[in-house]
Amino acid sequence: MADLDAFRADVRDWLEANCPEEMRQPIQDEEDVVWGGKTFNFTEPQKLWLDRMAEKGWTVPEWPVEYGGGGLDKAHAKVLREEMRKIGARAPVQSFGIWMLGPALLKYGTHEQKLEHLPKIARGEIRWAQGYSEPNAGSDLAALMTKCEDKGDHYLVNGQKIWTSYADKADWIFVLVRTDFQAPKHEGISFILVDMDQPGVTTKPIKLISGKSPFCETFFDDARAEKHNLVGELNKGWTVAKYLLTHEREMIGGMGSGAMRPMGDVAVQQIGLNEQGMLADPILRADVVRAEIDGLAFMSTMERVADEAKAGQGVGANSSMLKYYGTELNKRRMELMMDSAGSSGLEWDADEDVARMWLRSKGNSIEGGTSEVQLNIIAKRILELPSA
């Protein structure tokens with residue numbers, strides 16, 4: 001405990017000295033998120049904060065130092081998160097590489113693959129996309145048909161992926177491909193890394209009802225993939241895919257922990273206070289308090305699951321629980337933002353962009369595995385309910 005107390009004091013002093021004031025403000029919208037990558041346009045405070053945290057290894061504090069991490073154990077990493085939360089410090093970079101590919105490489109990648117890719121992820125130098133879903137293989141992911149052929153010294157990839165988030169801005173993509181068409185559908189699948197900066201890879205944004213285009217169609221036409229970028233064993237990619245999906249669902253569920261402005265602040269700004277110094281709308285006040293309390297309970301649950309995972313129990317089906325509740329909680333928050341904004345929330349090009357955020361949140365219960373799929377997993381693997 002003395003060691004943790006000393007570490008906490010050091011972290012507090014370092015954050016106070018090194019976290020720019022701009023990086024202590026709540027994220028305003030999706031455009032305010034730092035994704036990194038070769039083409040990302042950093043503001044000066046964003047780049048300064050990323051570089052300082054990356055130098056400490058604190059963009060990925062629990063990864064090994066040799067791969068760009070901080071080498072912290074779970075207790076010290078928790079202290080770092082707590083101290084960052086106290087001053088409202090933003091994550092220096094948000095990344096599919098950190099949330100999904102990194103854990104998969106740490107578990108299944110070769111030492112050479114880790115040295116090649118993980119430090120670049122930790123420093124925010126490379127932005128990754130995920131190539132899983134296909135037009136005819138959404139919830140039934142194992143029905144994928146993107147073809148990967150062995151050409152001797154390299155692979156050629158042909159096919160299409162869909163709902164590839166931010167693929168038009170990504171540098172690399174991790175892809176599930178079929179390498180054996182004769183095997184049962186859950187077999188014969190491989191997990192491979194593909195450089196998107198080549199003529200064989202093209203993307204087409206999909207415009208959503210919100211007016212934004214975070215999702216894309218991604219096409220592979222004789223796209224080259226190097227042999228050394230096969231992760232895990234040939235035809236055993238489903239094992240890697242399932243492991244990565246638990247981290248994806250945990251990541252998506254994390255939106256329920258409330259990274260943006262507190263709902264109470266938003267409601268007060270829009271509605272104001274009564275003579276007693278309370279939110280003027282009593283019904284909305286109760287709804288906001290209930291959502292904030294549920295958010296705190298959810299954060300505690302996420303910490304518990306993380307502690308269990310670090311203790312060797314793994315995340316497993318708990319990722320479905322986090323994904324389901326976290327996305328539902330985020331949708332509730334967006335509903336409350338619309339309630340707080342009143343008629344001004346319907347403005348399409350307002351500064352707060354509430355309407356677009358509300359519409360975008362409707363996709364939370366679809367992406368990363370639908371809520372219906374998650375509820376089935378929860379029923380079977382957590383509650384152990386009998387099949388119908």
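The values are calculated or read from the model by the stated rules, or taken from the named source; none is laboratory data. A quick note: this is a predicted structure, and the numbers were derived from the prediction, not measured. Methodologically, a virtual Cβ is constructed for each residue, glycine included, from the backbone with ideal geometry; neighbour enumeration extends over all protein chains shown. Just the protein is used for accessible areas: all its heavy atoms, side chains included, with ligands, DNA and RNA removed. Shrake-Rupley method; radii C 1.70, N 1.55, O 1.52, S 1.80 Å.
A few comments on the model shown:
- Selected residue (criterion: nearest to Cys148 (Cα to Cα)) from residues of region 161-197 that are touching a residue at least 60 places away in the same chain (Cβ under 8 Å) and among the β-branched types (Val, Ile, Thr): Val177
- Looking across region 335-358, the residues that are in contact (Cβ under 8 Å) with a residue 12 or more places away in the chain, open to solvent by less than 40 Å² (accessible area, probe 1.4 Å) and not basic (Lys, Arg) come down to Leu336, Met337, Met338, Ser340, Ala341, Gly342, Gly345, Asp353, Val354, Ala355, Met357.
- Residue match in region 134-142 (condition: in a strand (DSSP E or B), open to solvent by less than 10 Å² (accessible area, probe 1.4 Å) and in contact with a Leu (Cβ under 6 Å, 6 or more places away or on another chain)): yes
- Residue satisfying condition, being at pLDDT 85 or above, touching a helix residue (DSSP H, G or I) at 6+ places or on another chain (Cβ under 7 Å), under 24 Å from Glu82 (Cβ atoms) and surrounded by fewer than 18 Cβ atoms within 10 Å (Cβ to Cβ), within set Asp294, Asp307: Asp294
- Restricting attention to region 54-76, the residues that are touching a Phe, Trp or Tyr at 6+ places or on another chain (Cβ under 6 Å) and in a loop (DSSP other than H, G, I, E, B) add up to 2.
- A Cβ distance below 7 Å, combined with a sequence gap of six or more or placement on separate chains, defines the contacts here; from region 359-388, residues that are free of Cβ contacts under 8 Å to residues at least 24 places away in the same chain reach residues that are open to solvent by 50 Å² or more (accessible area, probe 1.4 Å) and not in a helix (DSSP H, G or I) in the pairs Ala379/Leu385.
- In region 363-388, the residues that are surrounded by 14 or more Cβ atoms within 10 Å (Cβ to Cβ) and of a type outside the set (A, V, I, L, M, F, W, C): Gly363, Asn364, Ser365, Glu367, Gly368, Gly369, Thr370, Ser371, Gln374, Asn376, Lys380, Arg381
- Of the listed requirements (1) outside the structural domain of Glu217 (by TED's automatic domain parsing); (2) open to solvent by 30 Å² or more (accessible area, probe 1.4 Å), Gly70 misses just one: (2).
- Region 179-196, subset aliphatic (A, V, I, L, M) and out of contact with any Gly (no Cβ under 8 Å at 6 or more places or on another chain), residue surrounded by the fewest Cβ atoms within 10 Å (Cβ to Cβ): Ala183
- Pairs meeting the criteria (first residue in region 270-299 and within 30 Å of Met321 (Cβ to Cβ), second residue open to solvent by 80 Å² or more (accessible area, probe 1.4 Å), beta carbons under 6 Å, at least 6 apart or on different chains) are Leu284/Asp339; Ala291/Arg332.
- Flag for Arg123 being open to solvent by 30 Å² or more (accessible area, probe 1.4 Å) and within 15 Å of Met23 (Cβ to Cβ): no
- Residue within region 75-89 that is modelled with pLDDT under 95, in contact with a strand residue (DSSP E or B) (Cβ under 6 Å, 6 or more places away or on another chain) and open to solvent by less than 50 Å² (accessible area, probe 1.4 Å) present: no
- Any hit, region 33-53, residues being in contact with a strand residue (DSSP E or B) (Cβ under 8 Å, 6 or more places away or on another chain) and assigned to a loop (DSSP other than H, G, I, E, B): yes
- Single unsatisfied condition, Gly211 versus (1) assigned to a loop (DSSP other than H, G, I, E, B); (2) buried (at least 20 other Cβ atoms within 10 Å of the Cβ): (2)
- Of the criteria (1) surrounded by 21 or more Cβ atoms within 10 Å (Cβ to Cβ); (2) over 21 Å from the mean Cα position of the chain (by Cα); (3) within 30 Å of Phe191 (Cβ to Cβ), which one Leu105 fails: (2)
- Which listed residue is surrounded by 22 or more Cβ atoms within 10 Å (Cβ to Cβ), in contact with a strand residue (DSSP E or B) (Cβ under 9 Å, 6 or more places away or on another chain) and not in a loop (DSSP other than H, G, I, E, B), from Leu176, Leu156: Leu176
- Here Asn376 fulfils each of the conditions (1) under 26 Å from the mean Cα position of the chain (by Cα); (2) assigned to a loop (DSSP other than H, G, I, E, B) apart from (2).
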